[in-house]
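Just so it is clear, none of the values below were taken in a lab; they were calculated from the coordinates. Predicted, not measured: the structure shown is a model, and the values here were computed from it. Ideal geometry is used to build each Cβ from the backbone, glycine not excepted, and the neighbour counts take in all protein chains shown.
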Amino acid sequence: MGEKILKFFDRYGPMMIASLLILVIGLLISKLIVKVAAKALKRSRLDPTGNAFLLSLLRAVLYTFVVIITLSKMNVPMTSIIAVLSAAGLAVSLALKENLSNVAGGFILMFSRPFKVGDYIKIGEAEGTVNQISIMYTRLLTLDNKAVMIPNAAVSNSTITNYTVEDTRRMEQHYSIAYSADFDKACEVIRGLLRNDKRALNSPDAPLLVMNAHKDSSVDVMLRVWVKQADYWGLYWDLIKNVKAGFDAAGIEIPFPQLDVHERA
């Protein structure tokens, strides 16, 4: 028995050791190439949106290449390797149909580019800032810093709302004033605040103020104003505060829901 083992290692030992070395060194070189590629992509002027996706794809290709070279060194015929890979590919494609759909979805996102890393988007019920686009998933960070992983297949087949793709955005706010209040005076208070705030833009359209609705206890004043993306929420919250203060100073009543009861004698 011992003699057979010695003969086996004498015949196949060098080949097995060489194959193992090729596998280990190949994997190490692949990792090094991926690290170098990651640094190169980081320094390049290319859009960083697809960096994680490209690195995932490069890693898969390199590892497959190393495995093929290792099998070839073990004197496995190339035709057999191709046949095995084809059969394995078919089996994997059937077993991992959804995952392959995610990969295909990743390619669609890379070419169609509906968003990039750093954009604030909404996909279905999930919304947040795009943090990463990998070969399988798109990663969003919500406003409260939760990570949401969405399969690329679902992303590519969903309606995507991109809030930050354009330089400017139109803001809409609604204010309630009493029926007895002076509507034109209320509008002038709001216009005065906008004139004194450089964040409020007059292009592509000037700020719009209209009487939007007659509610049970109030008249609804609607404001639409253009603002730069970076200034959107700052101006939004400041207007909420400053319009209230302006109405108070001008004696414009902001009503609350109330019910008039009439008693018959």
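Remarks
- Local charge for ILE252 was computed over the other residues whose Cβ lies under 15 Å away, with Lys and Arg +1 and Asp and Glu -1, and equals -3.
- Stretchable slack from ASN162 to ARG224, in nm (0.36 nm times residue separation minus alpha-carbon distance): 20.4 nm
- Cα gyration tensor, segment 109-162 - rounded (a/c under 1.5), prolate or oblate: rounded
- Under Karplus coefficients 6.51, -1.76 and 1.60, residue-wise ³J(HN,Hα) of segment 226-235 in Hz, glycine/proline x: 7, 8, 5, 3, 5, 9, 4, 6, x, 5
- Global form of segment 168-250, assessed from the alpha-carbon gyration tensor, a/c cut-off 1.5: prolate
- Virtual spin-label span in nm between LEU27 and ALA213, 7 Å along Cα→Cβ: 6.3 nm
- Spin-label proximity, ARG59 to segment 129-166 - amide N less than 16 Å from point 7 Å beyond Cα toward beta carbon: 132-139
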